[in-house]
Amino acid sequence: MKIKLIRSFSAAHHLPHYDGPCHELHGHTWKAVFIMEGPVQPDGMVCDFKVIKKLLDSYLPDHQLLNDLLENPTAENLAQYLFDKITPALAEKNLILKTLEIWESENAAAILER
């Protein structure tokens, strides 16, 4: 069964290889949409949402400068970075991260699917 959680975080970045205003330091309230898959447990849940929210939030770079994590922190590169970091932690909970959407605005997102 698949479950979905939506989390948000605020972070700043600048795009060093971009010729335009995004080359300058600016921030976003990012939205991360996680779609995970796992078996339904005897308690009727794939996993307690409270537990997964805490786990996911521990990996989100809230109030951080994304350039400290990635040389070129585009939405696409951030999606790959978070997917790679979070996948092993979810595996320990018997969950597979199927899709990660990273929204930098209400109109623009990078989507990574497994």
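Miscellaneous remarks
- Within the stretch 85-114, the set of residues being of a type in the set (D, E, K, R) and either touching a helix residue (DSSP H, G or I) at 6+ places or on another chain (Cβ under 6 Å) or part of a strand (DSSP E or B) (or both) comprises K85, K98, E101, E104, E113.
- Residues satisfying the stated conditions in the stretch 17-27, i.e. out of contact with any strand residue (DSSP E or B) (no Cβ under 8 Å at 6 or more places or on another chain), outside any helix (DSSP H, G or I) and surrounded by 11 or more Cβ atoms within 10 Å (Cβ to Cβ): Y18
- Flag for Y81 being aromatic (F, W, Y) and free of Cβ contacts under 8 Å to residues at least 24 places away in the same chain: yes
- Total residues in the stretch 28-46, condition in a strand (DSSP E or B) and either surrounded by 13 or more Cβ atoms within 10 Å (Cβ to Cβ) or out of contact with any Ser or Thr (no Cβ under 7 Å at 6 or more places or on another chain) (or both): 9
- L65, sole failed condition from (1) surrounded by fewer than 14 Cβ atoms within 10 Å (Cβ to Cβ); (2) hydrophobic (A, V, I, L, M, F, W, C); (3) farther than 17 Å from K2 by Cα: (1)
All of the numbers you see were taken from the coordinates with simple rules; none came from a lab. Just so it is clear, the structure is predicted and the values come from calculations on it, not from any experiment. Ideal geometry is used to build each Cβ from the backbone, glycine not excepted, and the neighbour counts take in all protein chains shown.
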